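My structure is below; once you've seen it, I'll send some questions.
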Amino acid sequence: MNTFIYIIIGIIVVAFIWWLIRRQRSLKLRAHLMQEAIRNRDFTFRLPTDGLLPGERAMQQTLNQMGETIRQQMNQNEVEAWERLTRVLTHEMMNATAPITSISQSMLGRDDVKGTPLEPGIQAIYDTSRHLSEFVKNYRKMSQLEKPVLEDVLFRSLLDDVCKAYPELTWEVNVPDITLRADAGMMRQVLMNLAKNAAEAEARKMVITPMDSPSANQIDLYVGNDGLPIPAENRQSLFVPFFTTKRSGSGIGLSLSRRMMIQQGGMLDLAENPLSGCRVGFILTILI
């Protein structure tokens with residue numbers, strides 16, 4: 001009888017050791033995957049918390065949240081760096097373009113210039129300086145963004161205004177009538193920019209649907225469209241100020257939208273994999 005008990009105890013001990021070894025290997029693999037994700041600057045990487053012991057689950061949730069915090073901080077630092085750069089460039093470009101525009105405009109009005117071979121050249125100088133002045137105004141939009149005024153905003157009411165502004169798009173909205181903590185003007189402008197980009201990319205449909213959120217204090221919305229896809233080589237530069245593939249584009253829409261979202265405590269990201277029926281998608285993170 002005692003021998004049988006010892007055998008049972010031995011089996012239990014061996015099984016426990018075997019389970020413990022497998023458990024440690026699994027945790028080691030999780031740590032390796034998180035390390036590789038951070039090394040590759042993939043801060044959206046998440047590991048599931050199902051099947052873990054309470055302490056392990058808490059640790060995994062913390063690591064997942066840490067990745068999100070690092071991503072937000074890096075995006076914030078990037079926005080601040082672009083903001084400092086735009087301030088310097090705005091000052092220097094304004095100092096350079098203002099006198100050129102003024103002098104060339106004055107010369108175009110002179111009788112000894114009108115109808116002479118000098119006129120086309122001076123006109124080209126004037127047109128170029130005016131174009132640069134418009135460019136500087138776009139810089140100012142980036143560097144002089146007002147601080148947001150956060151208030152309770154009914155999302156569906158705000159979205160209705162955007163839908164009316166783009167009746168050429170078919171809107172599929174699966175979001176309940178939620179209340180956001182946001183700046184209504186900024187939020188409306190962000191949605192307007194996304195709709196405008198979709199329309200310019202020949203989209204016919206806009207899709208807005210909620211996504212799984214890592215925090216109870218925020219909501220993640222998927223905003224997608226069926227317009228022309230974004231080329232792979234342009235995805236990394238999508239939120240860089242003044243980067244554009246359009247001849248008439250200023251390249252500030254998406255970068256300005258992301259900055260507006262960051263100032264409200266949220267985020268705007270490109271979705272890695274568009275949902276079914278969409279070719280382009282963005283993830284809009286909003287406080288609730």
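The values are calculated or read from the model by the stated rules, or taken from the named source; none is laboratory data. Worth saying up front: this structure is predicted, and the values here are computed from it rather than measured. No Cβ is skipped: glycine too gets one built from the backbone with ideal geometry, and neighbour counts run over all protein chains shown. Accessible surface is based on the protein model in full, side chains and every heavy atom, while ligands, DNA and RNA are left aside. Shrake-Rupley method; radii C 1.70, N 1.55, O 1.52, S 1.80 Å.
Within straight cross-link reach of Lys137, meaning Cα distance under 27 Å, which lysines are found once same-chain residues fewer than 8 apart are removed?
Partners within reach: Lys147, Lys196, Lys246.
Additional query: To the nearest 10 degrees, how steeply does helix 155-165 sit against the main Cα axis of the chain, on a 0 to 90 scale?
So the helix axis and the longest Cα principal axis differ by about 40 degrees.
Additional query: At a Förster radius of 25 Å, what calculated FRET efficiency corresponds to the Cβ-Cβ distance of Glu200 and Arg156, to the nearest 0.05?
0.50
Per the 1.4 Å probe, what fraction of the accessible area of the chain, in percent, lies on carbon and sulfur atoms?
Working: 9920 of 17480 Å².
That fraction is 57 percent.
Helix 2-39: angle to the longest alpha-carbon principal axis of the chain, degrees 0 to 90, nearest 10?
Taking the Cα atoms of the chain, the angle to 2-39 is about 10 degrees.
Then there is this: Of the options Val173, Ala195, Phe4, report the single residue whose Cα projects farthest towards the positive end of the charge dipole of the chain (beta-carbon charges: Lys, Arg +1; Asp, Glu -1).
With unit charges placed on the Cβ atoms, the residue in question is Phe4.
Now, a different point. Round to the nearest 10 and give me the degree value, 0 to 90, for the angle of helix 54-108's Cα axis relative to the longest principal axis of the chain.
10 degrees
To continue, here is another question. Roughly what would the spin-label model give for Ala15 and Val175, points 7 Å off Cα along C-beta, in nm?
For the pair Ala15/Val175, the computed spacing is 5.2 nm.
Based on DSSP H runs of at least 4 residues, each adding -39500 (n - 2.57), what is the mean residue ellipticity at 222 nm of the chain after dividing by all its residues, to the nearest 500 deg cm²/dmol?
Details: 6 runs with 158 residues, N = 288.
After summing the helix terms and dividing by the residues of the chain, the value is -19500 deg cm²/dmol.
How long is the gain from Arg57 to His32 if the chain were fully straight, where each residue apart is worth 0.36 nm and the alpha carbon distance is subtracted?
Values: separation 25, 0.36 × 25 = 9.00 nm, distance 1.67 nm.
Additional length available on full extension: 7.3 nm.
Additional query: How many Å² of accessible area per residue for the range 166-246, probe 1.4 Å?
Numbers: 4040 Å² over 81 residues.
It amounts to 50 Å² per residue over the range 166-246.
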